[in-house]
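Have a look at the structure below, then the notes.
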Amino acid sequence: QVQLVESGGGLVQAGGSLRLSCAASGRTIRTYAWFRQAPGKERDFVAAITWGPSYINYADSGKGRFTISGDNAKNTVYLQMNSLKPEDTGVYYCAASVKRYSGRNSDGYAYWGQGTQVTVSS
């Protein structure tokens, strides 16, 4: 089985930055993604990265502010979030697939982390 462990969440003021990390163990991951769930809302796609060939996909809300990157050798993916806004607040979940998948649908990811809270104050 695959285990995903997220870290890096916290409280930050608007305009600040955070870097989330997600470390995988158990199997070789081909695609990672980040999703965000705000209070009372559905879980939304944020960004994804896949290899073989590589492809990166961002939701419009994070384009120009968020950067997803990965270290295959370490089975780790990162989400660098800059210029954070209060509407970025939520629980951020790391998701993974052992298949190459470029979609934004959460059904495409078989493995999920426990989530890390990101709070952006105004």
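Structural remarks
- Ala33 of a type in the set (A, V, I, L, M) and over 10 Å from the mean Cα position of the chain (by Cα): no
- The lone exception for Ala59 - which of (1) small (Gly, Ala, Ser); (2) within 23 Å of Gly26 (Cα to Cα); (3) open to solvent by less than 50 Å² (accessible area, probe 1.4 Å) it fails: (2)
- Test: residue in region 43-52 that is of a type outside the set (A, V, I, L, M, F, W, C), surrounded by fewer than 17 Cβ atoms within 10 Å (Cβ to Cβ) and over 19 Å from Ser106 (Cα atoms): yes
- Applying the condition of being at pLDDT 95 or above and within 15 Å of Glu6 (Cα to Cα) to region 62-75 and asking which residue is surrounded by the fewest Cβ atoms within 10 Å (Cβ to Cβ) yields Ser69.
- Some residue of region 50-65 being assigned to a strand (DSSP E or B), among the polar types (S, T, N, Q) and under 23 Å from Gln117 (Cβ atoms): no
- Residue list for region 13-40, filter: open to solvent by less than 20 Å² (accessible area, probe 1.4 Å) and either without any contact (Cβ under 8 Å) to a residue 60 or more places away in the chain or in a strand (DSSP E or B) (or both): Leu20, Cys22, Ala24, Thr31, Tyr32, Ala33, Trp34, Phe35
- Top-ranked residue in region 80-122 [being in a helix (DSSP H, G or I), closer than 15 Å to Glu42 by Cα and touching a strand residue (DSSP E or B) at 6+ places or on another chain (Cβ under 9 Å); ranked as most open to solvent (accessible area, probe 1.4 Å)]: Glu87
- The C-beta contact set for region 91-115 (first residue on the phi > 0 side of the Ramachandran plot and in contact (Cβ under 8 Å) with a residue 24 or more places away in the chain, second residue part of a strand (DSSP E or B) and open to solvent by 50 Å² or more (accessible area, probe 1.4 Å), distance under 8 angstrom, 6+ apart or interchain) comprises Gly115/Gln37.
The values are calculated or read from the model by the stated rules, or taken from the named source; none is laboratory data. Quantities reported herein were computed from a predicted structural model and do not represent experimental measurements. Please note: Cβ atoms are built from the backbone with ideal geometry, for glycine as well, and neighbour counts cover all protein chains shown. Ligands, DNA and RNA are excluded from the accessible area calculation, which covers all protein heavy atoms including side chains. Shrake-Rupley method; radii C 1.70, N 1.55, O 1.52, S 1.80 Å.
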